[in-house]
Amino acid sequence: MPVINSIAALSDEMAAWRQDFHEHPELLYEVHRTAGIVADRLRAFGCDEVVTGIGRTGVVGVIRGRNASSGKVIGLRADMDALPILETSGVPFASKNPGVMHACGHDGHTAMLLGAAKHLAETRNFDGTVIVIFQPAEEGGAGGKAMIDDGLMTRWGIQEVYGMHNMPGLAEGNFSLSHGAMLASADAIEIKVTGKGGHGGSGPHKAVDSVLIAAQIVNALQSIVARNVDPLQSAVISICAIHGGTAFNVIPETVEMKGTVRTLHPEIRDLVEKRIAEVADATARAYGGSAETVYTRMYPVTMNHAREAAFAAEVARDISGSERVDERALPRMGGEDFSFMLEERPGAFVFLGIGEGNELHHPAYRFNDNVLATGASFWVRLVEKSMPAN
């Protein structure tokens, strides 16, 4: 079963929705305009229930099938928030909010799920209940967890949950997913190095150089991946910001470092967290200073469930053909807060290819509207195949 004809007929409408969202991007939980439009459209489609304010600004729509004898309830999730990036894409519907951009395609995710909701509400060709989930604050705000904490799973009795993300570099209309770890945990580290300030030219021997210590810590942290992590496992430790001092000739008293950690397994996450603090402290003491580490766990591993991943791959093959679906793809080291939903309920996360172009989070990134019908058809087919009408 290829792209659904009635969904293909919605392509221009979905593109118009998507481009409007793109022109008016919003950050984190401040997605008031986007959420308002989503809620209004769900009501206009005839959803049985539309609830706003779940996870602060999330929106939930309930669509009941022609029958409900199966008792099955499936959740489909899209994210709505943008990124603090100044857009340089040059598209005619570029962001009107300076310094804010849909550089990750969440506008496309929202449009695809809206298209699927419209079709499902009109046809209701399934036996069960669909919960369409429009989430705020995926980009670092843990909006998925906020929605869960507000009762997302329990209030509507969601039994399975599925998510989708566009992927540049993957051929247009192709699908990719993994059985098991799909994306890495995403954590933050902050290390404060304390030395003794002094004159960098005339008296460096009288100081304890916090900048030198910070540089040594950056190097030493890489030994954790090289010598503590099993070579057959994966971990990334990246120091991405170092701040200390203002004068060219003064050794600062303190230096602050920030970075990110990515892992694919809980035990490796525990190991890396422990070793970062140990290595930073020992390195600083070796040079006569001290280091204080704050490790913040943000998003867990996005872990697909085997049965649901196999089912999602089967649906993808129905839409795009067997040769265009890779269900044994290697995991990626990006992070996703859909991981919180997969910790609560079985489900799967899939990538939908949008063809060649700039990477996600790039200021010139462009979503490919050609895949809107493919994504919406995937959602509809997943529902109808999982809960066939009697």
### Query
How many residues does segment 317-347 hold that are more than 30 Å from Glu256 (Cβ to Cβ) and assigned to a strand (DSSP E or B)?
3
### Task
Name the one entry in Gly197, Gly140, Gly201, Gly157 that is at positive phi and over 14 Å from the mean Cα position of the chain (by Cα).
Gly157
### Task
With the condition kept exactly as written, say whether any residue in segment 100-121 is assigned to a strand (DSSP E or B) and either under 23 Å from the mean Cα position of the chain (by Cα) or within 22 Å of Val371 (Cα to Cα) (or both).
yes
### Summary
Per the filter on segment 130-163, residues among the polar types (S, T, N, Q) and crowded, with 24+ Cβ neighbours inside 10 Å are Gln135
### Summary
Taking segment 116-140 and keeping residues modelled with pLDDT of 95 or more and among the small types (Gly, Ala, Ser) leaves Ala116, Ala117, Ala121, Gly128, Ala137
#### Entry: Answer from Glu308, Glu314, Glu356 - the residue that is part of a helix (DSSP H, G or I) and surrounded by fewer than 16 Cβ atoms within 10 Å (Cβ to Cβ)
Glu314
### Task
Could you tell me which residue of segment 99-126 is farthest from Gln19 (Cα to Cα), considering only residues that are polar (S, T, N, Q) and open to solvent by 30 Å² or more (accessible area, probe 1.4 Å)?
Asn125
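The values are calculated or read from the model by the stated rules, or taken from the named source; none is laboratory data. Just so you know, these numbers come straight off a predicted model, no measurement behind them. No Cβ is skipped: glycine too gets one built from the backbone with ideal geometry, and neighbour counts run over all protein chains shown. Heavy atoms of the whole protein, side chains included, go into the accessibility calculation; ligands, DNA and RNA do not. Shrake-Rupley method; radii C 1.70, N 1.55, O 1.52, S 1.80 Å.
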